[in-house]
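Structure first, then comments.
The values are calculated or read from the model by the stated rules, or taken from the named source; none is laboratory data. Since we're looking at a predicted model, the values are computed, not measured. As a convention, Cβ positions derive from the backbone with ideal geometry for all residues, glycine included, and neighbour counts pool all protein chains shown.
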Amino acid sequence: MKRLLLAFALWLPALASAGSLQPLAAADVPALLQPPAHGARIIALWSLDCAYCEPNLEALARVQRADPGNIELVTVTTDSVQLRTAIEARLRSMKMDVYPARAYAEASPERTNFLLDPNWGGETPRVLVIRADGSRRGISGALTPAQLHKLLP
């Protein structure tokens, strides 16, 4: 019985985070961009129609799982939160539904793009790395092994 309760207790957080897609409004961006207390926060920007996004997300998840105490991974789709069902289904199919997930909630996605990274033109995939020391780095396109290595804190 104790094993069953322990298994349920370990499984419960996964249930709580599943389907936890949250809207990302302009007012939410400053908090998302705050440096973490330690390590790095990786913000993976993607979209439903992006061919390179899924391999990037999978690679970023491997990086995060290799050092979960120092790397926080947050996924942000540039698609509207009104596409919640499709977004959550895609996250589940990619096994990315265990990470915090956001979706654009503003009528003007360009504004949100600019607030996230003024140097970004809106192409996906895009990765923002925010380190505890406040430094930031943005990478667009398919990630190479060398770029992934540089993401590590």
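Just a few scattered comments:
- Hits in the stretch 101-125 - residues which are surrounded by fewer than 19 Cβ atoms within 10 Å (Cβ to Cβ) and either within 18 Å of GLU54 (Cβ to Cβ) or in contact with a Cys (Cβ under 6 Å, 6 or more places away or on another chain) (or both): GLU123
- Spans of strands (runs of 3 or more DSSP E) in the stretch 29-116 with at least 2 residues touching a Phe, Trp or Tyr at 6+ places or on another chain (Cβ under 7 Å): 71-80
- Condition check for LEU128: in a helix (DSSP H, G or I), surrounded by 15 or more Cβ atoms within 10 Å (Cβ to Cβ), in contact with a strand residue (DSSP E or B) (Cβ under 7 Å, 6 or more places away or on another chain) and hydrophobic (A, V, I, L, M, F, W, C): no
Results for (1) modelled with pLDDT under 95; (2) under 19 Å from LEU60 (Cα atoms); (3) basic (Lys, Arg), shown as yes or no for each residue.
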| site | (1), (2), (3) |
| --- | --- |
| SER108 | yes, no, no |
| THR112 | no, no, no |
| GLY141 | yes, yes, no |
| PRO153 | yes, yes, no |
